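Below: the structure, in structure tokens.
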Amino acid sequence: MSGARDQIMGQVRRALGRAEGTDDARARDAVDARLKEPPRGLIPARVRGREAEELGRLFMEKALAANCTCATVDSLEAVPDAIAEYLASENLPATVRTGDHPDLAAIPFDRRPVLTVSRGPSDGGDAVSLSTAFVGAAETGTLALVSGPGTPTTLNFLPETEIVLLRRSRIVGPYEDIWTHLRARNAEAGSMPRAVNLITGPSRTGDIEQKIELGAHGPLRLHILILDDL
Amino acid sequence: MQATSTRFKQNAREALDDPQLQQALTKMKAGFVERRARARADLPEFDALRDQARDIKNHTIEHLDLYLERFEANVTANGGHVHWARNAAEARERIQEICRSVGARTVTKGKSMISEEIALNDALEEDGLEVVETDLGEYIIQLRREAPSHIIAPAIHVLKEQVADDFRLHHVQFDKARPLNEPRELISEARQVLRRKYLESDVGITGANFLIAETGTSVIVTNEGNGDLTQTLPKIHVVIASLEKVVPTLDDAAAILRVLARSATGQEFTAYTTFSTGPRREGDPDGPEAYHVILLDNGRSAMLGTEFQDMLRCIRCGACMNHCPVYGAVGGHAYGWVYPGPMGAVLTPSFIGVDQGGQLPNASTFCGRCESVCPMHIPLPKMMRHYRAREYEQGLAPPATRFGLDIWGFVATKPRLYRLATRLAVGLLGRLGRARGRLAKLPLADGWTRHRDLPAPEGRTFQDRWDAMGGAR
Ligand code: SF4
């Protein structure tokens with residue numbers, strides 16, 4: 001197998017004029033520099049230099065366009081009521097599967113006893129999940145969720161209805177700003193999370209005669225609760 | 001998959017005579033083209049972003065060895081494994097070994113063109129594994145035992161009535177009288193059937209749209225979420241990706257993602273873009289316990305440093321085929337192998353040889369639309385011309401073509417003769433087509449006139465008109 005690696009690499013190097021023994025210091029420097037300080041690409045004007053308020057508005061507009069629904073809450077205390085109302089309005093069962101991320105653990109569900117809340121990953125038997133977003137990118141109404149002990153990835157894909165909590169202070173403009181937050185997190189954690197899910201609306205397919213239908217394999221509904229923490 | 005690209009002409013003729021296929025293709029064309037145009041209009045920077053995407057890939061390809069080294073090191077540092085494969089057989093063997101090592105019985109798969117390229121399903125099935133495609137389009141064609149006919153919409157050639165028939169035939173567990181008239185009903189049924197498969201699966205295999213050197217990450221882009229269920233639920237996640245999928249950084253991936261969905265489906269962004277790095281971490285409540293990346297060459301490194309190097313920028317968006325008049329007329333199967341349309345006309349001879357795929361570069365009118373919509377600015381027509389030249393040089397062009405080209409060559413190098421011949425031909429054709437301005441039938445050009453008219457020339461030859469205008473001033 002190392003034979004395969006050497007042969008492939010050898011052929012690539014020869015084709016690029018970097019055969020064994022040639023000086024490739026300049027190429028190495030260029031690569032090191034790019035990886036160490038990734039250059040930022042062209043940022044679309046729609047999110048360039050925008051204030052938080054504008055970004056919040058754009059995020060909602062784009063999320064709605066991607067078939068999400070959105071609501072705002074002004075504190076974690078208000079989350080149980082907001083969820084109960086949403087589930088009732090959609091005629092959905094009042095049960096929620098969630099993780100134990102600090103924000104999720106701090107929600108006082110006992111105030112709304114009609115909601116049945118359980119915690120942990122999903123095994124496919126849950127109708128509704130509640131996750132928390134790492135950040136949201138206004139550019140296209142995209143949520144970024146990261147895997148971790150308190151944020152199971154299965155909650156993002158198995159239940160038919162997914163509710164995501166997003167702090168307004170974590171709404172950024174372009175995707176590049178997701179990476180800024182992610183690199184800061186990684187520096188602290190020591191590595192990338194296993195999974196970073198960029199989610200823009202519920203699951204969909206156009207595979208049958210190009211007619212777009214929601215809820216192909218993942219969630220049919222994606223409801224975003226924006227927590228006003230600014 | 002056994003290539004039938006050498007039979008392109010015959011395949012194309014059959015496709016043109018297939019009414020169901022023609023109906024499906026008509027539905028397809030308008031959708032993709034309109035949606036892309038709208039997405040492009042909604043982002044004023046779109047063309048500048050295309051230039052940037054091209055530059056990122058060019059930089060990466062010029063430093064491919066170094067970025068692959070970093071990618072490999074970072075996968076390993078995060079607890080994953082990288083396996084290098086020179087060709088399809090090696091890639092299949094690595095994956096078979098991984099499946100055997102855990103005693104796998106069921107394998108679920110996200111959509112991967114490379115898995116088609118290496119004919120992975122057949123190999124796994126020979127090992128007694130149940131292999132389940134989870135992308136709805138792939139699932140449909142798996143049931144039909146067909147090959148994909150489009151790289152992002154594999155079942156685009158199938159009508160919903162045909163899907164309903166397939167489901168009735170294969171999903172015997174459901175009531176025979178159930179309604180399956182609407183896409184919604186078909187999708188719910190597929191969802192129900194595949195749910196079970198995800199949960200039972202031992203190994204999840206996905207492709208990758210990008211590999212990120214900076215972090216040792218593989219990226220998949222899906223709308224259904226099937227790729228995510230495929231890679232999250234089983235114990236093992238295997239990624240199969242070719243060398244040129246690597247990009248330097250997260251920023252570079254984001255920059256290219258901005259043009260990918262817009263070019264492919266006309267969406268601003270795909271529903272799910274997932275970045276996977278290594279297996280489940282300590283304390284993680286879910287995710288695979290092992291993470292493998294198969295790095296496949298299979299002809300890529302041989303394109304480096306040749307006139308086909310630019311093709312390695314391809315991000316498999318499908319825009320070139322969506323806008324191609326030939327693809328739009330004959331569909332994907334006529335191309336006879338995994339990659340159809342203009343990109344396939346370049347990739348097929350590159351990967352399986354000019355003798356096998358050399359016919360495909362002829363399946364072009366050189367109208368140039370593919371290049372003009374390609375987000376990576378790949379000069380597809382130029383590369384097809386290179387292959388035409390090679391095909392001719394190697395004596396593989398069919399005798400009729402060679403005879404025709406030889407006559408043309410003889411005449412074209414003798415200016416007086418050329419003028420006389422073209423003047424006669426143009427005059428004759430002009431008279432024949434005077435009434436409609438088009439010719440519905442023409443001896444020797446039956447291949448053209450059978451499915452469309454030939455515009456009749458109007459009056460004089462180019463050279464005569466040029467002279468009349470004062471010639472080369
Ligand atoms: S050649 Fe260009 S347009 Fe065609 S699939 Fe590749 S990137 Fe897309």
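Results, tabulated for the structure shown:
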| quantity | calculated |
| --- | --- |
| Answer residue from segment B:131-183, given it is aromatic (Phe, Trp, Tyr) and either touching a helix residue (DSSP H, G or I) at 6+ places or on another chain (Cβ under 6 Å) or buried (at least 16 other Cβ atoms within 10 Å of the Cβ) (or both) and is farthest from the other protein chains (Cβ to nearest Cβ) among those | B:Phe167 |
| Single unsatisfied condition, A:Gly124 versus (1) at pLDDT below 95; (2) closer than 21 Å to A:Ser169 by Cβ; (3) within 14 Å of chain B (Cβ to nearest Cβ) | (2) |
| Selection status of A:Arg46, under 30 Å from A:Arg170 (Cα atoms), within 9 Å of chain B (Cβ to nearest Cβ) and touching a helix residue (DSSP H, G or I) at 6+ places or on another chain (Cβ under 9 Å) | yes |
| Unmet requirement for B:Gly204, which otherwise passes all of (1) small (Gly, Ala, Ser); (2) crowded, with 24+ Cβ neighbours inside 10 Å; (3) within 11 Å of chain A (Cβ to nearest Cβ) | (3) |
| Some residue of segment A:15-26 being more than 10 Å from chain B (Cβ to nearest Cβ) and of a type in the set (A, V, I, L, M) | yes |
| Any chance B:Ala334 is surrounded by fewer than 24 Cβ atoms within 10 Å (Cβ to Cβ), more than 15 Å from the ligand (Cβ to nearest atom), assigned to a helix (DSSP H, G or I) and more than 14 Å from chain A (Cβ to nearest Cβ) | no |
| Subset of segment B:382-396 [surrounded by 19 or more Cβ atoms within 10 Å (Cβ to Cβ) and closer than 30 Å to B:Leu43 by Cβ] | B:Met383, B:Met384 |
| Selection from segment B:337-380 of residues that are more than 14 Å from the ligand (Cβ to nearest atom), polar (S, T, N, Q) and assigned to a helix (DSSP H, G or I) | B:Gln356, B:Asn362 |
| Matching option when the condition is farther than 13 Å from B:Ser112 by Cα, of a type in the set (A, V, I, L, M, F, W, C), surrounded by fewer than 24 Cβ atoms within 10 Å (Cβ to Cβ) and in the same structural domain as B:Gln142 (by TED's automatic domain parsing), among B:Leu233, B:Leu211, B:Leu199, B:Leu229 | B:Leu199 |
| B:Glu161 being within 16 Å of the ligand (Cβ to nearest atom), assigned to a helix (DSSP H, G or I) and at pLDDT below 95 | no |
| Every residue from segment A:181-201 that is closer than 25 Å to B:Lys27 by Cβ and more than 7 Å from every other protein chain (Cβ to nearest Cβ) | none |
| Output for segment B:329-352, where each listed residue is at positive phi and modelled with pLDDT under 90 | B:Gly336 |
| Residues of segment B:128-158 classified as part of a helix (DSSP H, G or I) and over 15 Å from B:Val338 (Cβ atoms), total | 4 |
| Residues (part of a strand (DSSP E or B) and either without any contact (Cβ under 8 Å) to a residue 24 or more places away in the chain or under 19 Å from A:Gly120 (Cα atoms) (or both)) located in segment A:139-189 | A:Leu145, A:Val146, A:Gly148, A:Thr151, A:Thr161, A:Glu162, A:Ile163, A:Val164, A:Leu165 |
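Matching residues to (1) touching a Lys or Arg at 6+ places or on another chain (Cβ under 9 Å); (2) modelled with pLDDT of 90 or more; (3) not assigned by TED's automatic domain parsing to the domain that holds B:Thr277:
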position	(1), (2), (3)
B:Asp18	no, yes, yes
B:Ala24	no, no, yes
B:Lys27	no, no, yes
B:Ala30	no, no, yes
B:Glu34	no, yes, yes
B:Arg54	yes, yes, no
B:Glu62	no, yes, no
B:Asp65	yes, yes, no
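The values are calculated or read from the model by the stated rules, or taken from the named source; none is laboratory data. Computed from a prediction, not measured in an experiment: that's the story for all the values here. Note that we place each Cβ from the backbone using ideal geometry, even for glycine, and neighbour counts take in every protein chain shown.
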